[in-house]
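Okay, so here's the structure we're looking at.
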Amino acid sequence: MKHITIIGGGPAALMLAANLDTQKYKVTLNEQKKTVGRKFLVAGEGGLNLTFSSPLDDLIEQYSPSDYKAPYLKQFTNEDLMRWLKNIGISTFVGSSNRVFPTPDLKPIDVLSKIVKHLSSKDIEFRFETKWTGWNNKGLLCFEESKEEETDITVFSLGGASWKVTGSDGSWSAPFAERGINVLPFRAANCAFGVDWNKNFIATHQGKPLKNIALTFDEKVAKGELVITKFGLEGNAIYALSEKLQEALLNKENVVLQLDLKPSMTLAQIKKKFSNSGLSKVTDILKEDINLDRSTIGLLKQFSDKETFMNPDLLATTIKSVPIPIASVDDIDKAISTLGGIDLDEVDGNFQLNKIHNSYVIGEMLDWYAPTGGYLLHGCFSMGYSLANHLNSL
Ligand SMILES: Cc1cc2nc3c(=O)[nH]c(=O)nc-3n(C[C@H](O)[C@H](O)[C@H](O)COP(=O)(O)OP(=O)(O)OC[C@H]3O[C@@H](n4cnc5c(N)ncnc54)[C@H](O)[C@@H]3O)c2cc1C
């Protein structure tokens, strides 16, 4: 019987292990922490989005590069994932934002436990506190404090490089680079970006949400929410633009976001509100007629001069497009996901490394991007599932 050694115990690896044919392969899963799925549990702290409910083509569009991810997402769609979860006792529901969550009776730890329980019904050997450190000069796998290992097939599923406390520390990049594999530098994605707030503004509005807004950068529009923080802005709308913002910051471009404070109204409708208002003070019109809250009005004041603020036409235009200069990006360790990792050109269509035969790489280790909202986990699950199918067919 051939031996498959999986290294890393995140969602991509768990889905792979769950679908491998254990009649055909002896399967060992090695994890450097005491338990598997630590980042999965962290993901659950703010509401565990397992996938996103939308037509498959729209789902695929969210990934970058989408043509790279498409075959795996087609093999294991959002519907397939929900069905798979249901079959192992994890029921899901589609939230109002079309994000898919486990039903409220299931905490993230329950979801993980059900996946692990399903795995323990298969003949898979788990080795915890087993850190892979590289290859020896004969090409054998090396683990900290245990002997070198010869195996038939190795699957690396070591994650990205954020939330190091969960084990996804990116330290794997050095041995890969030593073998001549192109590992692109890690950068934060789905993360906060820095804004140089005016001191008075931030003292009053720190922690306040900006709801139902739209952000535009480099022709990409993201609707959703933001939270004003001391550092800058965070929230799903800016996370969705993080890949493009990072690219621009890397190229040292002058990065300015356009914030639409009222996407539900057209410019003409806002102008009409000003001209039809019976109120005389601009702040009252903004509050009463246009329905902007205190923080939104404060933000509008910070990014418009006095002349604009007193001119209804200019102010209406600014409400639809407040220019927010982005000063920096937050610490990578706080990011929800990372860009960079193994260059996609280093693997074939079945995740096999071109330079190391019988070695495969899946999950966030590879250089792809998706916004938050369930796309990251689904992206990882679909890779694990697709690789299991491929290996089972060999
Ligand atoms: C705060 C937060 C919230 C999130 N929320 C969501 C969400 O709601 N929805 C969503 O879709 N995604 C979310 N994500 C992202 C999602 O959790 C990750 O994309 C996903 O966990 C990546 O899975 P993976 O299998 O590639 O690797 P990981 O989950 O990163 O797992 C990699 C594993 O490999 C192990 N490992 C690493 N190096 C070694 C080594 N040398 N030897 C042995 N083992 C090693 C690690 O200990 C780790 O257990 C969130 C992430 C964070 C941080």
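Every read-out reported here was derived from the displayed coordinates using simple, explicitly stated rules and does not represent laboratory data. From a predicted model like this one, the values you see are computed outputs, not experimental measurements. Neighbour counts are summed over all protein chains in view; Cβ atoms, including those assigned to glycine, are modelled from backbone coordinates with ideal geometry.
A compact table of results
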item: Helix 66-75 axis, angle to the chain major axis (alpha carbon atoms, nearest 10°); result: 60
item: Contact order normalised by residue count of the chain, Cα under 8 Å, 6+ apart, percent; result: 25
item: Helix 267-276 vs. the chain, principal-axis angle (Cα, 0 to 90°, nearest 10); result: 30
item: Relative contact order %, region 193-329, counting alpha carbon pairs below 8 Å whose residues are six or more apart; result: 31
item: Alpha carbon centroid spacing (whole Å) that separates region 346-394 from region 146-206; result: 17
item: DSSP loop trypsin sites (Lys or Arg not before Pro) with at most 11 other Cβ within 10 Å excluded, longest remaining stretch of the chain; result: 282-394
item: Cα pair count fraction exceeding 41 Å, expressed as % - the chain; result: 23
item: Selection from Gly46, Ser280, Gly170 lying farthest towards where the dipole of the chain points positive, charges on Cβ; result: Ser280
item: Cα shape, region 122-178, gyration tensor, a/c 1.5 rule; result: oblate
item: Percent of beta bridges antiparallel (DSSP, the chain, rounded to nearest 5); result: 70
item: Helix-only mean residue ellipticity at 222 nm for the chain, each DSSP H run of n ≥ 4 adding -39500 (n - 2.57), per residue, nearest 500; result: -9500 deg cm²/dmol
item: Listed residues Gly224, Gln269, Gly235: farthest to the positive end of the dipole of region 193-329 (Cβ charges); result: Gln269
item: Rounded to the nearest 20 debye, dipole of the chain from Cβ charges on Lys, Arg, Asp, Glu; result: 1020
item: Rounded tilt (10° steps) of 375-393 against the dominant C-alpha axis of the chain; result: 20
item: Residues in region 262-303 that a label on Thr204 would reach, taking backbone N under 11 Å of a point 7 Å out along Cα→Cβ; result: 294-302
item: Förster radius 35 Å - calculated FRET efficiency between Glu45 and Glu79, Cβ distance, rounded to 0.05; result: 0.85
item: 14 Å reach of a label modelled at Ser393, 7 Å along Cα-to-Cβ, counting backbone N of region 348-383; result: 349-352
item: Computed FRET value (nearest 0.05) for Lys230 with Ser321, which takes r as the C-beta separation and R₀ as 35 Å; result: 0.90
item: Simple Cβ-charge dipole of region 193-329, Lys/Arg +1 and Asp/Glu -1, about Cα centre, in debye nearest 20; result: 380
item: Extension gain from Asn291 to Lys272, taking 0.36 nm per residue of separation minus the Cα-Cα distance; result: 5.4 nm
item: Too-long pairs where the Cα-Cα distance tops 19 Å, listed order kept, from Lys34/Lys131; Lys220/Lys262; Lys131/Lys164; Lys287/Lys320; Lys33/Lys164; Lys252/Lys334; result: Lys252/Lys334
